[in-house]
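Worksheet: the structure to be examined is printed underneath.
Quick note: the coordinates plus some simple rules give every number you see, no bench work behind them. Fair warning: this is a prediction, and the values are worked out from it, not measured in the lab. When we count neighbours, we look across all protein chains shown, and the Cβ atoms used for this are built from the backbone with ideal geometry, even at glycine.
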Amino acid sequence: MGLLKRRAADPVPVAAPRSVASLIYTLRGAATAAERRAAALDLMAAPEAAAELIAALAEEPHVQVQQAIVTALISIGTSPASAGLARLLASGDTALRNAAIEALQQMGAPAAVQMEALLAAPDPDLRLFALNVLSALRYPPALAWLRVAVNRDENVNVGLAAVEALAEQGDPADAPAFRAFAARFPGEAFVAFAVTLACRRVLSDCGR
């Protein structure tokens, strides 16, 4: 009696990759958060989807889906993606603003360029958000922008944020600018305290 030949296993079907248009459709209209989250993550390699991801982030109510969208935008990392996130900093939704800041803080040069423009915004809150991003980015060309903010911004809170950011990345030559900033706000005790700390950060002895 001959041996029975072993039957080859049936091949496991592999799903065809979904188109970007199909993923965007799911992201913007799927009934379940799990479907929207999966679609967002599948768009990580689709820079042409940046605008749709930004729009979805502005409307998405579920935190896990928001996180997936932020992850996709960080992965895309293009100038259009960072520009869209920068626009969200003007939102009245605190959670949305924080999500945008979190993403921008991880996007390098494209985000830094957007923050440079925001440092000239009339709204001091936008300038503060820009400084929060720049402080985390540690983008060397931004040191010049931080120095301008320390020397020229007339809002005490924005100026303090610039002092703190520059103290983390600057050098001893920045100490005179810190002291000059404190001199512009002589009645603010917390300014003097913050400037003393900033000087100690860049100098071994603030008094020298």
Considering only residues of the stretch 94-126 that are in contact (Cβ under 8 Å) with a residue 12 or more places away in the chain and not in a helix (DSSP H, G or I), which is surrounded by the fewest Cβ atoms within 10 Å (Cβ to Cβ)?
ASP123
Hits in the stretch 141-156 (condition: in contact (Cβ under 8 Å) with a residue 24 or more places away in the chain and within 20 Å of the chain's Cα centre (by Cα)):
PRO141, ALA142, LEU143, TRP145, LEU146, ALA149
I'm trying to understand the selection: among the residues of the stretch 128-138, which are surrounded by fewer than 23 Cβ atoms within 10 Å (Cβ to Cβ) and assigned to a helix (DSSP H, G or I)?
LEU128, ASN132, SER135, ALA136, LEU137
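Please enumerate the residues belonging to the stretch 17-27 that are under 21 Å from THR78 (Cα atoms) and of a type outside the set (S, T, N, Q).
Within the stretch 17-27, the subset under 21 Å from THR78 (Cα atoms) is 19-21, 23-24, 27.
Correct list: VAL20, ALA21, LEU23, ILE24, LEU27.
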